[in-house]
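The values are calculated or read from the model by the stated rules, or taken from the named source; none is laboratory data. Since the model is a prediction, treat every value here as computed from it, not as a measurement. Note that we place each Cβ from the backbone using ideal geometry, even for glycine, and neighbour counts take in every protein chain shown. Side chains included, ligands, DNA and RNA excluded: accessible areas come from the protein's heavy atoms. Shrake-Rupley method; radii C 1.70, N 1.55, O 1.52, S 1.80 Å.
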Amino acid sequence: TLCYSYYNTTMYYLVHMDSLDYLELLLDMLDYEDWAKEIYGFDKILNVAINCALKAGFSRWEYYVGFDEETAERRRRVWWRLYMYDKKVMMEDSYMSGIDDSKMNCLLPKEFRDMGFVDHNDFIKKLHLFSRTSTLDNLPIDQLVFYASLSTYQVISHFYSEVLYNEKYTSIRNTAKPNEVRTRLIGELFGRMGLFVMRFDKIKEQVG
């Protein structure tokens, strides 16, 4: 009750909307809503939090210039936790994602950078090259779980954008194309499916 009261009281005061402290509090609420399976409230709060983070530039590296590293890392963790919740809703409830990966270029959290992954695109391109290392072996269990979860959601989101929602493979116009073209598209599709499975296997290898 107190959480909802605070949320309803503050959400209309725009001075708070881009506050890092405010977004961290919203994430605490989201954690509770997710645990309690309060789907309606969860969806509303998530939308508010993502919009606030996007407007404040949490998804873009340019908006981190001038911040000390501690504050920058807090911002990154807020952004990537919101990212995971957004992709979880996309996957579990078949909603459209509120985050466009192609417009996101902020750095990944420290666990990923220590592994050699700089940002989302870098992670997708290099994931298959990395095996389990001492960097992961030395992580506390909660950070290892965070690494595994964020890795998984990034791979899923990439598959959605590059395959499931890719006009090249889903256009209704494909039905009118010659058999040779459709056969080639199906071959490409199977290739992308193979990469998708390979990336999942690599995550299992890294954190297993």
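Computed over the range 62-208, relative contact order equals 25 percent, with contacts defined as Cα pairs under 8 Å that lie 6+ residues apart. Shape class of the range 21-66 from the Cα gyration tensor (axes a ≥ b ≥ c, square roots of the eigenvalues): prolate, since a/c reaches 1.5 or more and a/b is larger than b/c. For the range 33-50, the Karplus equation 6.51 cos²θ - 1.76 cosθ + 1.60, evaluated at θ = phi - 60°, returns couplings of 4, 5, 4, 7, 6, 7, 4, 5, x, 4, 5, 5, 5, 4, 4, 4, 5, 5 Hz by residue, with Gly and Pro reported as x.
I'd like to check one number: the per residue accessible area of the range 131-208, probe 1.4 Å, reported in Å² as a whole number.
On the way: 4730 Å² over 78 residues.
Counting only protein heavy atoms, the per-residue value for the range 131-208 is 61 Å².
Taking the square roots of 5 times each eigenvalue of the Cα gyration tensor of the range 99-208, largest first, gives ellipsoid semi-axes of 32, 15, 10 Å. Taking 23 Å as the limit for the C-alpha separation, the pairs 88/168; 126/204; 55/204; 37/88; 55/103 exceed it in the case of 88/168; 55/204.
On the basis of the beta-carbon distance and an R0 of 35 Å, residue 35 and residue 204 show a calculated FRET efficiency of 0.85. Estimated from helical segments only, the mean residue ellipticity of the chain at 222 nm is -21000 deg cm²/dmol, where each DSSP H run of four or more residues counts as -39500 (n - 2.57). Relative to the longest principal axis of the Cα atoms of the chain, helix 179-207 runs at roughly 50 degrees. Scanning the chain for chymotrypsin sites (Phe, Trp or Tyr not before Pro) that sit in a DSSP loop and have at most 15 other Cβ atoms within 10 Å, the longest stretch containing none of them is 96-164.
Sort out for me the Cα centre separation of the range 73-110 from the range 112-164, rounded to whole Å. That distance is 13 Å.
Per-residue accessible area (protein heavy atoms, 1.4 Å probe) orders 158, 120, 128 as 128, 158, 120, starting from the largest.
Given contacts defined as C-alpha pairs under 8 Å and at least six residues apart, what's the relative contact order of the range 37-98, whole-number percent? Don't jump to the answer; show the numbers that get you there.
Numbers: 25 pairs, mean separation 19.2, N = 62.
For the range 37-98, the relative contact order is 31 percent.
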